[in-house]
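Notes follow the structure.
The values are calculated or read from the model by the stated rules, or taken from the named source; none is laboratory data. Being a predicted model, the structure only gives us computed values, none of them experimental. Glycine gets a Cβ as well: all are built from the backbone with ideal geometry, and neighbour counts include every protein chain shown. Side chains are part of the model used for accessible areas, which takes the heavy atoms of the whole protein and leaves out ligands, DNA and RNA. Shrake-Rupley method; radii C 1.70, N 1.55, O 1.52, S 1.80 Å.
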Amino acid sequence: MTAMVKAEGVHKSFGAAHILKGIDLEVAKGEVFCLIGPSGSGKSTFLRCINHLEQVSAGRLYVDGELVGYRQKGDKLYELKDSEVALKRRDIGMVFQRFNLFPHMTAMENVMEAPVQVRGESRAVARERAISLLDRVGLSDKAKNYPSQLSGGQQQRVAIARALAMEPKLMLFDEPTSALDPELVGDVLDVMRGLAEDGMTMIVVTHEMGFAREVGDALVFMDDGVVVESGHPRDVLTNPQHDRTKSFLSKVL
Ligand SMILES: Nc1ncnc2c1ncn2[C@@H]1O[C@H](COP(=O)(O)OP(=O)(O)O)[C@@H](O)[C@H]1O
Ligand SMILES: [Mg+2]
């Protein structure tokens, strides 16, 4: 079966700064793939490459069998047009540390926005889906609330519903609970756990090692732009093989 994400020797530089130094990994369909590592190791940059927000400098990156940002004809690569990139980005949902909801729209309107504006869906259809998505993230009763009237955890769950509204085949989470008060983290993780149970392919950058251990199918430890160690979360977390992994885990566990 085609991998949902496949990275082959992916490099990324910003000017002279070499950030990703040859990432090889594969994320299977339906898998919860956790990415951990110290700040500055390139985790967000890697997610942004998957989501076509950054172009890789070298190597190959495929999402669902298709090269990110390029079309291959024979053995030549052609850069995709912005409109083609935008079309592909629709298949990938992204949830950031900061929720980035539209402040002047209710929870419901936030969830309806992209299907209506980007996909040209009717408001009736978009509303039906938004109702069911808000229910799925446990916020049926908050549909008419504005972001300022919601807790951080509730806002983050609206952000997840908003990403799901475009019916993505892949969800990227970039430290989705890092900005939350500790007592609000659990509800967000529960929503992510539910998504995983429903078979969503997810790449999750997180410091929540409990989540990684219980929900993750695979875990990669990244440091300084390389994959240091990977395996089943339970194995890597309880029996790390490399000193860098051990040192990192001793600080976060
Ligand atoms: N657009 C950019 N221009 C220049 N440097 C960047 C850019 N984005 C990220 N970086 C640098 O790349 C490195 C890795 O960043 P990042 O991917 O955010 O790491 P992580 O998410 O693991 O904390 C950092 O040193 C950061 O300053
Ligand atoms: Mg980051």
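Observations on the model:
- Farthest toward the positive end of the dipole of the chain, out of 101, 132, 114, is the Cα of 114, where the dipole comes from beta carbon charges about the Cα centre.
- Counted residue by residue at 0.36 nm each, then reduced by the alpha carbon distance between them, the extension gain from residue 167 to residue 238 reaches 22.0 nm.
- Gaussian network model of the chain, Cα within-10 Å springs - most flexible of 93, 216, 65: 65
- Zone residues, region 4-25, relative to residue 60, backbone N less than 15 Å from point 7 Å out along Cα-to-Cβ: 4-11, 23-25
- Residue 113 accessible area, assembled protein chains, probe 1.4 Å, Å²: 50 Å²
- Dipole of the chain, positive end: most advanced residue of 250, 182, 202 [Cβ charges, Cα centre]: 202
- Taking the chain as a Gaussian network of alpha-carbon nodes connected by springs under 10 Å, the highest mean-square fluctuation of the residues 224, 141, 91 belongs to 141.
- With both residues required to sit in the chain, DSSP beta bridges show an antiparallel share near 60%.
- Residue 97/residue 132 FRET efficiency (R0 35 Å; Cβ-Cβ; nearest 0.05): 0.85
- Surrounding net charge for residue 26, when Lys and Arg each add one and Asp and Glu each subtract one, Cβ distance under 10 Å: -2
- Here the gap between residue 144 and residue 1, fully extended at 0.36 nm per residue and compared with their Cα-Cα distance, gives a gain of 47.3 nm.
- Summarising the label geometry, the points placed 7 Å from Cα in the beta-carbon direction at residue 117 and residue 183 lie 3.4 nm from one another.
- With all protein chains in place and a 1.4 Å probe, the accessible surface of the chain carries 46 percent carbon and sulfur.
- Residues of region 113-234: accessible area per residue with a 1.4 Å probe, Å²: 42 Å²
- GNM result for the chain, Cα springs below 10 Å: residue of 125, 32, 68 fluctuating most strongly: 125
- Distance from the Cα centroid of region 63-128 to that of region 210-253 is 31 Å (rounded to whole angstrom).
- Equivalent ellipsoid dimensions for the chain as semi-axes, Å, which come from the Cα gyration tensor, largest first: 30, 24, 15
- Region 102-167, Cα convex hull volume normalised per residue, Å³: 70 Å³
- Adding -39500 (n - 2.57) for every DSSP H run of four residues or longer, then dividing by how many residues the chain holds, sets the calculated 222 nm ellipticity at -11000 deg cm²/dmol.
- Residues of region 105-139 with amide N under 15 Å of a point placed 7 Å along Cα→Cβ from residue 71: none
- Based on Cα contacts under 8 Å between residues 6+ apart, region 102-167 shows a relative contact order of 48 percent.
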